[in-house]
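**Q** Can you read through this structure? Questions will come right after.
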Amino acid sequence: MFRPKSAPLRVAATACPHDCPSTCALEVDVLDERTIGRVRGARDNSYTAGVICAKVARYAERIHHPDRLTKPLVRTGAKGSGTFAPISWDDALDLVAEKFNEAEARYSSEAVWPYQYAGTMGLVMRDGIHRLRHAKKYSGFHSTICVNPAWTGFVAGTGLLAGPDPREMAKSDCVVIWGTNAVSTQVNVMTHATRARKERGAKIVAVDVYMNGTMEQADLAVLVRPGTDGALACAVMHCLFRDGKADRDFLAQHTDVPDELEQHLKSRGPEWASKITGCPVETIEEFARLVGNTPRTYFRLGYGFSRSRNGAPNMHAASCIAAVSGAWRYEGGGAFHNNGAIFHWDRSLIEGTDMIDPSIRMLDQSRIGAILCGDADALFNGPPVTAMLIQNTNPVSVAPDQTRVKQGFARDDLFVCVHEQFMTETAKAADLVLPATMFMEHDDIYQGGGQQHILLGPKLIEPPGECRSNHDVILGLAKRLGAQHRGFDMTPREIIDWTLQKSGWGTLEKLERERWIDCQPDFDTAHYTKGFAWPDRKFRFKPDWPTVPFRSPGLSGPVDDLPKLPDHWTVIEEADERHAFRLATSPSRSFLNSTFTETPGSLGREQRPTVMIHPDDAASLSIADGDKVILGNQRGEVRIHAKIFDGVRRGVLIAESIWPNHTYEDGRGINTLTGADPIAPYGGAAFHDNRVWIKPAA
Ligand code: SF4
């Protein structure tokens, strides 16, 4: 394994590329032209504030890992056997072009499906694949696996995906960290929240489905059953109205139907919510009292509680609390989920949006199993998918409905090219595997999701072996496929410079000098003091769901049944007689989706796949700590070890994820149990909304 040498050649600035809202500003010890040493958080970045997570601090073990892919490989054995032989880059790209052209000639251009996600969050390397698909009219990619329920739920109230400056958490008197295990998944939230606690005596409240690290550090931990956050939010708002803590002036001036909401919430008090959430009435009352008595309350709303069939209304309900209490008025108050709307990118060069043909079908990323298995509805009655290029994602491990995903990838008539850093489970299932650069080996730009900076990530070192960047692969294919666009003739630096200038953020030269751009809008804009982002300027308690603005090809799921006002929507996979438990697949501390499952540090900490179960549930099923158990539902079965843990509600199971499938007996990973049915109103995957049974393994 890699050992850092002593003195760095230089210290270089970059940004974390991983799928994490923190988007930390990094400082890297560059030891020589091919080697890095220590990685630290930039102290002078006002959001990162010198703090990063352990998995990125030890990045040298990932970037210099002996298992990095370094040569193009072509399959020589049976599909999925993992038997490959080296092939030259030219021959590899020729083969992809040949297979894509074959698919197009046999069916149509829509038989080719370029597939990507957020393995890197760099705009050039992540999104350049769209330019190729637009130029060639390949099947579209309806991105659904992560943000859809969360973003639509938040925008349903405010009208815009933006909120108070996340650094204001440090100026708050109460920080509510809802549905995100910040200690593990976005450490900077804790940096600012704990600063408020230390300097101002602020309280930290955490709302989650198990006693994770963030819940342990909170002053008040509100433990709920998965998918019941809407009920909790309703009860808190009920108490605010009941106890005279609703901000009547704010409600009258800035919200749509406050009287109707108050009336609606009369039947949704703490007793009602306690039965649904499993949370004691006293805890709900204490939470409401704290919010009611603390005008300067900052609601930091995460993604976790949106990964449910009722995720969008749950997010909306939680965001409504700040409008009832009037917290938006104050510095250190309001509700924040993501800052996507503040960056106003011109994406035309990176994505080739000027070539979009709206008649081309958009295939749902989360339904890759159904699509590859040929379900007519998933294919919109169009041609089968017979050729794919996959960058930045590992669907055989991370996509829901895993059994069908694997069936699809096993098809003999499907050609798959995977461009990857390691031999992931998707790469193993491919016909051709191309070695990819990591972030310090190419140029890119990044935007904060949970903060407000644009950051530069320049190339710092040479890649190992024959690794090429996503951009290089797209250019190589575009040339062979005859795809035309000016973006195919430019370097990443040229694309970055043009995109920055067109988007109103200055030049690459300036960004290079200054390392990042603070894009935070002023207080009045961020707090919507002159009105929310709807034509009537009112926050919407009563959203018109089908018109909530979201980049999507159309509505999906049971849109007509979405609750009209904040509520507990019973569309979730509720436990039943056969499946007595609700399972959430929450993120583990040391992995990030399936990334970092290859590094010794992360593997050593996580040890093995486990499922947490309440001691009383375990006793009733004769399950002891460490026993092997089987979890199952209509989608399949998974063998895993039990961990007895009293930090979950009875009837709830937590399997921290995402472990590679091969680490489970029988090779069936946790996503064997998760469903791919679309979520209303704009799709999504309900990773934490599964009914299952559990029994001891024989
Ligand atoms: S906290 Fe998130 S953004 Fe920061 S270094 Fe870790 S993974 Fe990257």
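**Q** Do you know which of the residues in segment 577-621 that are basic (Lys, Arg) and open to solvent by 50 Å² or more (accessible area, probe 1.4 Å) is farthest from the ligand (Cβ to nearest atom)?
**A** Ranking the candidates gives 578 first.
**Q** If you don't mind, another one. Working carefully through the options 76, 70, find the one that is hydroxyl-bearing (Ser, Thr, Tyr), over 20 Å from residue 599 (Cβ atoms) and away from the ligand (no atom under 11 Å from the Cβ).
**A** 76
**Q** Which condition does residue 313 not pass, out of (1) assigned to a helix (DSSP H, G or I); (2) in contact with a Phe, Trp or Tyr (Cβ under 9 Å, 6 or more places away or on another chain); (3) surrounded by fewer than 24 Cβ atoms within 10 Å (Cβ to Cβ), if it passes all the others?
**A** All conditions are met except number (3).
**Q** When you scan segment 45-61, do you find a residue that is more than 15 Å from the ligand (Cβ to nearest atom), crowded, with 17+ Cβ neighbours inside 10 Å and touching a residue at least 12 places away in the same chain (Cβ under 8 Å), even just one?
**A** no
**Q** Next question, about the same structure. State which residue pairs qualify: first residue more than 19 Å from residue 62 (Cα to Cα) and inside segment 414-428, second residue surrounded by fewer than 22 Cβ atoms within 10 Å (Cβ to Cβ) in any location, beta carbons under 7 Å apart, and separation of 6 or more residues or different chains.
**A** 414/386; 415/99; 415/386; 415/431; 416/431; 417/431; 428/80; 428/82
**Q** Just the residues that are charged (D, E, K, R) and buried (at least 21 other Cβ atoms within 10 Å of the Cβ), please, taken from segment 439-467.
**A** Within segment 439-467, 443, 444 qualify.
**Q** Name the pairs: first residue in segment 266-283 and under 12 Å from residue 223 (Cβ atoms), second residue in a loop (DSSP other than H, G, I, E, B) and open to solvent by 70 Å² or more (accessible area, probe 1.4 Å), Cβ to Cβ under 9 Å, at least 6 apart or on different chains?
**A** Going by the 9 Å Cβ cut-off, the qualifying pairs are 277/225; 278/225; 278/650; 279/225.
**Q** Select, from 72, 114, the only residue that is under 30 Å from residue 14 (Cα atoms), crowded, with 23+ Cβ neighbours inside 10 Å and out of contact with any His (no Cβ under 9 Å at 6 or more places or on another chain).
**A** 72
**Q** Same structure again: Condition test on residue 511, is it part of a helix (DSSP H, G or I) and open to solvent by less than 50 Å² (accessible area, probe 1.4 Å)?
**A** In short, yes.
**Q** Now a separate question. Look through segment 487-516, keep the residues that are out of contact with any helix residue (DSSP H, G or I) (no Cβ under 7 Å at 6 or more places or on another chain) and among the basic types (Lys, Arg), and return whichever of them is nearest to residue 344 (Cα to Cα).
**A** Only one residue fits best here, namely 502.
**Q** For segment 622-643, which positions are buried (at least 17 other Cβ atoms within 10 Å of the Cβ) and of a type in the set (S, T, N, Q)?
**A** Answer for segment 622-643, where residues must be buried (at least 17 other Cβ atoms within 10 Å of the Cβ) and of a type in the set (S, T, N, Q): just 633.
**Q** Follow-up question, since we're still on this one. Looking at this structure, is residue 138 under 30 Å from residue 347 (Cβ atoms), among the hydroxyl-bearing types (Ser, Thr, Tyr) and either open to solvent by 40 Å² or more (accessible area, probe 1.4 Å) or more than 16 Å from the ligand (Cβ to nearest atom) (or both)?
**A** Considered against the rule, which asks whether it is under 30 Å from residue 347 (Cβ atoms), among the hydroxyl-bearing types (Ser, Thr, Tyr) and either open to solvent by 40 Å² or more (accessible area, probe 1.4 Å) or more than 16 Å from the ligand (Cβ to nearest atom) (or both), residue 138 comes out as yes.
**Q** Does any residue of segment 300-316 turn out to be out of contact with any Lys or Arg (no Cβ under 8 Å at 6 or more places or on another chain) and within 18 Å of residue 526 (Cβ to Cβ)?
**A** Within segment 300-316, one or more residues are out of contact with any Lys or Arg (no Cβ under 8 Å at 6 or more places or on another chain) and within 18 Å of residue 526 (Cβ to Cβ).
**Q** May I pose another question? Please specify each residue of segment 1-21 satisfying the condition of being within 15 Å of the ligand (Cβ to nearest atom) and at pLDDT 95 or above.
**A** 13, 14, 15, 16, 17, 18
**Q** So which residues in segment 242-286 are under 30 Å from residue 582 (Cβ atoms) and aromatic (Phe, Trp, Tyr)?
**A** 272
**Q** Here is a list: 646, 666. Which entry is closer than 17 Å to residue 223 by Cα and open to solvent by 50 Å² or more (accessible area, probe 1.4 Å)?
**A** On inspection, the qualifying residue turns out to be 646.
Condition check ((1) within 26 Å of residue 572 (Cβ to Cβ); (2) crowded, with 24+ Cβ neighbours inside 10 Å; (3) among the hydroxyl-bearing types (Ser, Thr, Tyr)) across all residues:
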residue: 274; (1), (2), (3): yes, no, yes
residue: 299; (1), (2), (3): yes, yes, no
residue: 306; (1), (2), (3): yes, yes, yes
residue: 324; (1), (2), (3): yes, yes, no
residue: 329; (1), (2), (3): no, no, no
residue: 337; (1), (2), (3): yes, yes, no
residue: 340; (1), (2), (3): no, no, no
residue: 348; (1), (2), (3): no, no, yes
residue: 356; (1), (2), (3): no, no, no
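**Q** Write out, first by first residue and then by second, each pair whose Cβ atoms fall under 6 Å of each other, whose residues are 6+ apart or on separate chains, and whose first residue, in segment 605-617, is assigned to a loop (DSSP other than H, G, I, E, B) while the second is open to solvent by 30 Å² or more (accessible area, probe 1.4 Å).
**A** Here the result reads 609/663; 614/650, each pair linking segment 605-617 to a residue that is open to solvent by 30 Å² or more (accessible area, probe 1.4 Å).
The values are calculated or read from the model by the stated rules, or taken from the named source; none is laboratory data. Since we're looking at a predicted model, the values are computed, not measured. Quick reminder, even Gly has a Cβ in these numbers, built from the backbone with ideal geometry, and neighbours come from all protein chains shown. In case anyone asks, the SASA skips ligands and DNA or RNA and just uses the protein heavy atoms, side chains included. Shrake-Rupley method; radii C 1.70, N 1.55, O 1.52, S 1.80 Å.
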